[in-house]
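S.K.: Mind looking over this structure? Questions follow.
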Amino acid sequence: MPSVLVVEDESAIAELIAVNLRHNGFRPIWAMDSVTAQRDLDAALPDLILLDWMLPGESGLTLAKRWRADPRTQAVPVIMLTARGDEADRVAGLDAGADDYIAKPFSTKELLARIRAVLRRRTPEQAGEPLTVGRLVLDPMTHRASFEDHPLKLGPTEFKLLHYLMGHAERVHSRAQLLDHVWGDHVYIEERTVDVHVKRLREALADAGVMVETVRGAGYRLTATPAPSVVTAGAIKAQ
């Protein structure tokens, strides 16, 4: 039974979420503030975290950044819950490390759909031969990637995105195509989410980040021979 850590200070909302999670095969764990949430994480890692933005003490945004920076918790998917629903806030949440973002008020059906979609994305591809593009190598069986024999630290969504791009190197993929192939059932996912994860992927790839190009007006591609002029435009666009 997948466990979900619900970090929410409003007890009525937390109880509503918990009831629906239990009725749909999940095991909810409630933390009402950042201190309790950190204690629960230290005790055992959940399968997913539902994280409210506004919390007593440290904000959800601060917690998301800290958990993404910690090797122990960086692979745990995070969905942010917040009343802040404009684009700038959504982008800030995704930039902090959230895998998805849902604005209050929300329907429980939408919340459950997003949880299932994020958990599906968390599971890496279990079959397939290692992929090599230039000096970039990815092994889907061991869920490892490296560049020039140096291991890369990738979150679950970035790994899946890189896997798809490497498996279709040199081709240009629109944001909608990437949503279809990487995110799957993305009924509630916006195309802007792709830009955020491409930026995060480039940062994780470090020196290999230039291999992920933005093709203006078309989308993204992974290439073994990046063109400097295209890379510069892509780096600006993805920020």
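We did not get these values from a lab; they are worked out from the coordinates using the rules stated. What you see is a predicted model; the values in this text were computed from it and never measured. Neighbour counts run over all protein chains shown; Cβ positions are idealised from the backbone, glycine included.
S.K.: Students often check this: by mean Cβ neighbours within 10 Å, which of 65-74, 133-142 ranks highest, and how do the rest follow?
M.R.: With the highest mean Cβ count within 10 Å placed first, the list reads 133-142, 65-74.
S.K.: Per Stokes-Einstein, at 20 °C and 1.002 mPa s, what whole-number D in µm² s⁻¹ belongs to segment 89-222, with the Kirkwood radius over Cα pairs as the hydrodynamic radius?
M.R.: 139
S.K.: For segment 33-44, what does the Karplus curve 6.51 cos²θ - 1.76 cosθ + 1.60, with θ = phi - 60°, yield as ³J(HN,Hα) per residue in whole Hz, taken in order and with x for Gly and Pro?
M.R.: Working through the residues one at a time gives 7, 5, 5, 5, 4, 5, 5, 5, 5, 5, 6, 6 Hz.
S.K.: A further question follows. Output needed for segment 108-170: three equivalent-ellipsoid semi-axes, defined as square roots of 5 times the C-alpha gyration tensor eigenvalues, in descending order, whole Å.
M.R.: Semi-axes, largest first: 26, 11, 10 Å.
S.K.: Helix-derived [θ] at 222 nm for the chain: sum -39500 (n - 2.57) over DSSP H runs of at least 4, divide by residue count, nearest 500?
M.R.: Only helices count here, giving -12500 deg cm²/dmol.
S.K.: Same structure again: Please determine, in degrees from 0 to 90 and to the nearest 10, the orientation of helix 156-167 with respect to the longest principal axis defined by the Cα atoms of the chain, where the helix direction is its Cα long axis.
M.R.: It works out to around 20 degrees.
S.K.: Lysines within cross-link reach of Lys65: Cα-Cα under 26 Å, excluding same-chain residues under 8 positions apart?
M.R.: Filter leaves Lys104, Lys153, Lys160, Lys199, Lys237.
S.K.: Using just the Cα positions, wrap the chain in a convex hull and report its mean projected area in square nanometres, one decimal place.
M.R.: 12.6
S.K.: Further question on the same structure: Can you give me the Rg/Rh ratio for segment 1-80, using Cα atoms for both radii and the Kirkwood formula for Rh?
M.R.: Answer for segment 1-80: 0.94.
S.K.: For helix 11-23, report the angle its Cα long axis makes with the longest principal axis of the Cα atoms of the chain; keep it between 0 and 90° and round to the nearest 10°.
M.R.: With both axes taken from Cα atoms, the answer is about 70 degrees.
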